[in-house]
Amino acid sequence: MSGLRKLEKEYREIVEKDLQAHAVCAEKIRDYIKNSTAQYHGRCVRTLYIPKLFTLDEVELFEKLIKTLYGIFYKVIEHYRTDAEYRELFGFDRRLEKLILREPAYDCPIPIARIDLFLNEETGDFHFCEFNTDGSSAMNEDRELNHAVALTQAFQEFADRHPVTTFELFDTWVTEFMNIYRTFQDCKENPHVAVVDFMESATGEEFKIFVKAFEKQGITAEICEIRDLRYRDGGLYSPSGNRIDAIYRRAVTSDIMKHYEEVSDLIRAVEEEKVCLIGDFCTQIVHNKVLYKILHDERTKAFLTEEENAYVKAHVPYTVSLTEGSFDYGEVLAHKDRWIIKPEDSYGSKGVHAGVECEEEEWKRFVDDCMGRGYILQQFCRPYVTDNIDLVKDKEASFSGYSNLTGLFVYNGKFKGCYSRISESEIISTQYSEMALPTVIVQEKEGMA
């Protein structure tokens, strides 16, 4: 991956030629973002001056790793459906289990996902961080950040030297959404689509752009509070009175189960196949972090191929339940930097504790407090560090190292784009110093530059 290193070095040299001029130019990024739709509950996304660069080599790597990973996912989902003993490993609520075991309504078990991973950009090796198959988001952050960085002198000079492109993440999803919907038994030629979530958790601006993308393809769509859907006369209706044919579900399963009685109309419509729910509840098999542990379980190894088991061993961090007797307590306390604690079923980095960020006593307290309360203990993966410069915030900034996390958007089983995040610390989380970068693809393979 030396081609990528050369490109990053070249971009840095463009900036270093006249740091003062680029510091002034960075104001364009700040001003654009301040007035953009890249906001979540009043908070603007933070970014740096240099975008995340990838080449066609990385795109090819992403496509291949998703193909292998999804082959494993599909086998796990099938065994969950057919093997009652295997199902018990997941420990799901019986109501959720019943929803998952319904006959599949369409062909694709995981319609949309963002697969987060740590990529070593020197070697091409990688380790998975999270499988976000519910509520996958941040498409709009990448879109707006790319608009912002394109205003800068450095980007314009770099783009004059190299053919560059960005990922389009809205129209492509609508196309794949409709491809999936057309495999639904009672699909309509012109369905009415609802984008649904618990609105206190929703990325509202992003939803609006998805609605526009549906409308651009001649499909009527609206945003709905999931609790306000009503089932009557054999159909599911939005608060505005429209009968809903298909749902783009952004509400995560854990939130639905917490508010199960409040969303009973949706549940009934789904169970009676009066609406097409994209994605259906089997996504929880992959979304729940207990899968990390189960992928290393002997019962999973038994139905995976030798190559698939090697893939899991190489790329899925070793994981156990944070329960008494399931791990070496003394070893975990003595080597805290090797471990991270995560809730089995949460999102947005809530409840995550990393040993590298803790003092010894604090780490012991987290281990003890989380013991037996629905947490996993996972091998900590150190992120790959690249240089960047925070001229957007500080005109006097200098280059510094930042940890990287790459999210792969997957629509209908196909890799479609990236969400790039960075942090000043080794923990890339909104709890710490997480920022996002626009992802730019240089249309060259190694050796072409």
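The values are calculated or read from the model by the stated rules, or taken from the named source; none is laboratory data. Please read all numbers here as calculations on a predicted model, not as lab measurements. Note that we place each Cβ from the backbone using ideal geometry, even for glycine, and neighbour counts take in every protein chain shown. Accessible surface is based on the protein model in full, side chains and every heavy atom, while ligands, DNA and RNA are left aside. Shrake-Rupley method; radii C 1.70, N 1.55, O 1.52, S 1.80 Å.
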Problem - Residue list for segment 135-171, filter: within 28 Å of T253 (Cβ to Cβ) and touching a Cys at 6+ places or on another chain (Cβ under 8 Å) - result: D142, F167
Handout entry: In segment 244-273, the residues that are touching a Gly at 6+ places or on another chain (Cβ under 9 Å) and open to solvent by 50 Å² or more (accessible area, probe 1.4 Å)
Key = E272
Completion exercise
In the set E324, E331, the lone residue that is assigned to a helix (DSSP H, G or I), more than 30 Å from G135 (Cα to Cα), open to solvent by 10 Å² or more (accessible area, probe 1.4 Å) and out of contact with any Pro (no Cβ under 8 Å at 6 or more places or on another chain) is E331
Handout entry: Positions within segment 151-169 being of a type in the set (S, T, N, Q), in a loop (DSSP other than H, G, I, E, B) and within 23 Å of A23 (Cα to Cα), in sequence order
Key = T152
Fill in the blank from the handout: Of those in segment 197-243 that are of a type in the set (S, T, Y) and over 21 Å from the mean Cα position of the chain (by Cα), the residue surrounded by the most Cβ atoms within 10 Å (Cβ to Cβ) is Y237
Problem - One residue from R102, R114 being out of contact with any helix residue (DSSP H, G or I) (no Cβ under 8 Å at 6 or more places or on another chain), at pLDDT 95 or above and of a type outside the set (S, T, Y) - result: R114
Exercise for the section: Could you list, in sequence order, all residues of segment 428-448 that are modelled with pLDDT of 90 or more and either open to solvent by 20 Å² or more (accessible area, probe 1.4 Å) or over 30 Å from H162 (Cβ atoms) (or both)? Expected result: E434, Q443
Practice task
State whether one or more residues within segment 214-222 are among the small types (G, A, S) and farther than 18 Å from A113 by Cα.
Solution key: yes
Problem - Of the criteria (1) open to solvent by 10 Å² or more (accessible area, probe 1.4 Å); (2) under 12 Å from the mean Cα position of the chain (by Cα); (3) at pLDDT 95 or above; (4) not hydroxyl-bearing (S, T, Y), which one A150 fails - result: (2)
Exercise for the section: Report yes if some residue within segment 413-427 is farther than 28 Å from I294 by Cβ, of a type in the set (A, V, I, L, M) and open to solvent by 20 Å² or more (accessible area, probe 1.4 Å); otherwise report no. Expected result: no
Fill in the blank from the handout: Log entry, pairs with first residue in segment 242-261 being under 17 Å from R230 (Cα atoms), second being in a helix (DSSP H, G or I) and open to solvent by 20 Å² or more (accessible area, probe 1.4 Å), beta carbons closer than 7 Å, six or more apart or on different chains, reads H259/R227; Y260/R95
Exercise for the section: Determine whether K9 is open to solvent by less than 80 Å² (accessible area, probe 1.4 Å) and closer than 30 Å to D125 by Cβ. Expected result: no
Fill in the blank from the handout: Going through segment 62-103 in order, the residues found to be crowded, with 19+ Cβ neighbours inside 10 Å, touching a Lys or Arg at 6+ places or on another chain (Cβ under 7 Å) and aliphatic (A, V, I, L, M) are none
Practice task
Can you confirm whether segment 188-198 contains a residue that is of a type in the set (F, W, Y) and under 26 Å from Y32 (Cα atoms)?
Solution key: no
Fill in the blank from the handout: In segment 12-40, anything farther than 30 Å from K212 by Cβ and either among the small types (G, A, S) or open to solvent by 20 Å² or more (accessible area, probe 1.4 Å) (or both) is listed as R12, E13, E16, K17, D18, L19, Q20, A21, A23, V24
Handout entry: Filtered residue count, segment 353-374, keeping only those that are surrounded by fewer than 15 Cβ atoms within 10 Å (Cβ to Cβ) and closer than 17 Å to K293 by Cβ
Key = 2
